[in-house]
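No lab work stands behind these numbers, since they all come straight from the coordinates. Values in this document were obtained by computation on a predicted structure and should not be read as measured data. When we count neighbours, we look across all protein chains shown, and the Cβ atoms used for this are built from the backbone with ideal geometry, even at glycine.
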Amino acid sequence: MSLEVKCKNFDDGCTWTGELREASDHESKCGKNETVVNKSLVELKQILKQLENHDKRIKDQDEEIKVLQKKLKTKTMKCRNKKMK
Ligand SMILES: [Zn+2]
């Protein structure tokens, strides 16, 4: 009878299960296996998505800043005109 165990990296997304005597062999390679690569790929995609969202937010803020600058300009113009009079 063999004992089935999960990989110690199960929490990190490794789905490997096998016999206890194979576990140490697997775990020695586990850091470089596909699961971890896939995991980094997922993380990279998440980071990329965050960056894209960040980019969008920056563009939105850019627009907002332009509008505010225009408003500020007209307001200071009005202010100067008042002072002139
Ligand atoms: Zn593993």
Under 5 Å between amide H atoms, partner at least 5 residues away or on a different chain: which partners does K8 have, H built in plane at 1.01 Å? none
Can you give the extra length, in nm with one decimal, that the chain gains between K29 and F10 once fully stretched, where that is 0.36 nm per residue apart less the Cα-Cα distance? 5.5 nm
Mind listing P(r) for the chain? All alpha-carbon pairs, 5 Å bins, whole percents. 3, 12, 12, 10, 8, 7, 6, 6, 5, 5, 5, 5, 4, 4, 3, 3, 2, 1, 0, 0
What is the extension gain from S2 to K59, computed as 0.36 nm multiplied by their sequence separation minus the C-alpha to C-alpha distance, in nm to one decimal? 14.6 nm
Put a dot 7 Å past each Cα toward the Cβ at I47 and L72; how far apart are the dots in nm? 3.4
Calculated from backbone phi, Karplus (6.51, -1.76, 1.60) coupling profile of region 50-61 in Hz, x at Gly/Pro: 4, 5, 5, 4, 4, 4, 4, 4, 4, 5, 4, 5
